[in-house]
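Take a look at the structure set out below.
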């Protein structure tokens, strides 16, 4: 547990101690078994008053981070001593002393764990037993077994606290594993695929340069630079989101409409072809979301006589260059010997028609 978390825990424990002190005074005052209704003995009032003073001082010290290294251990010892003092001044069938011992055990269990809780339990039970067994008032010996009950209660508190700590640790492990899986899937499906597209585009540029088609190569490199810059911005935003850093508000993004998709797919093909088709459909979806400013989009994939036909349509802004399809989709289609064309329709938006062999 981190130091800041322990400090917050100690503050809450100190607050609970103050509440315990106030409630104990009230309960003894109205308890008829401790001398009468609306009565509290002078010694009990002094003892509980000192406990309240100690509780307030501990709360102030912890809040101001004074003695945070030693105060928890000192507080545990004082809790047990005050519980013993309450035994002496108020012990009876409904005495508040039992609660003070239990409070000491609970605080240790919350802060350190099972072993220390058991140690404080044994110490509290032994002190409680001695005070009852050797009390000058013989009637108090009738309650000597309450020390055993206290020991059992303390053990159960420590055991349940230990099981809860194990359960929370397992929950954290599962959450960490799920988060790592989500990050890996996001990197694989998004940025790794983008890098694969960059490699294909660089290979195209290399071939164009080898054929001395420098103008086309320069155009491809310019588009590649734009695409890499876009992916860089997305990676940076993603990393900042993982680090829980506040993102700068972009008013332009607030006005982007939510795109509604209708997707249908019914075809059979080998695994590599299926994966490529899905990547093409995914890229078409991303284009409609990020660049098309579309409100509605339709993606259909079907098979006819060994040919897989994919249709991607949206009602967005369409392509900046009407004669040139998106390079990420075009490169995937070309890699598997397919054909891609930009359909001319009456409605606005992007309209791609793709044909690929099922393999």
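Looking only at 46, 171, 280, which one moves most when the chain is put into a Gaussian network model with springs between Cα atoms under 10 Å? The residue with the greatest mean-square fluctuation here is 46.
When the Cα gyration tensor is reduced to axis lengths a ≥ b ≥ c, the ratio a/c is 1.5 or higher for segment 255-357, and with a/b above b/c it is classed as prolate. Over the chain, dividing the summed -39,500 (n - 2.57) contributions of all DSSP H runs of at least 4 residues by the number of residues returns a 222 nm mean residue ellipticity of -22000 deg cm²/dmol.
Taking the longest Cα principal axis of the chain as reference, the axis of helix 97-111 is set at about 30 degrees. Each part gets one Cα centre, and for segment 197-238 versus segment 68-108 those centres are 73 Å apart. Each label point was placed 7 Å from the Cα along the Cα-to-Cβ direction; for residue 74 and residue 334 their separation is 7.7 nm. In terms of its alpha-carbon gyration tensor, segment 3-144 comes out oblate; a/c meets the 1.5 threshold, while b/c is at least as large as a/b.
Just checking the listed ones, 271, 161, 318: in the Gaussian network model of the chain with Cα springs under 10 Å, the one fluctuating most is 271.
Report, to the nearest 10°, how far helix 146-186 tilts away from the longest principal axis of the Cα atoms in the chain, using its own Cα long axis and a range of 0 to 90°. Long axis of 146-186 versus the principal axis of the chain: about 10 degrees. Taking a point 7 Å from the Cα of residue 116 along the Cα-to-Cβ direction, the residues of segment 71-87 with backbone N closer than 11 Å to it are 71-77.
If you model the chain as an ellipsoid using its alpha carbon gyration tensor, with each semi-axis the square root of five times an eigenvalue, the axes come out at 77, 21, 19 Å, biggest first. Extension gain for residue 172 to residue 233 (0.36 nm times residue separation, less C-alpha to C-alpha distance): 18.9 nm. Exposure proxy ranking for 260, 295, based on other Cβ atoms within 10 angstrom of each Cβ and starting from the fewest, stands as 260, 295. Among 272, 122, a tally of other beta-carbon atoms within 10 Å of each Cβ gives an order, fewest to most, of 272, 122. Helix 214-242: angle to the longest alpha-carbon principal axis of the chain, degrees 0 to 90, nearest 10? The angle comes out near 10 degrees. Taking every DSSP beta bridge that has both ends in the chain, the antiparallel portion is near 75%.
The fewest-to-most ranking of 353, 258 by surrounding Cβ atoms within 10 Å reads 258, 353.
Readers should treat all values here as calculations from the given coordinates under stated rules, not as data from a laboratory. Since we're looking at a predicted model, the values are computed, not measured. Cβ atoms come from the backbone with ideal geometry, glycine included; neighbour counts cover every protein chain shown.
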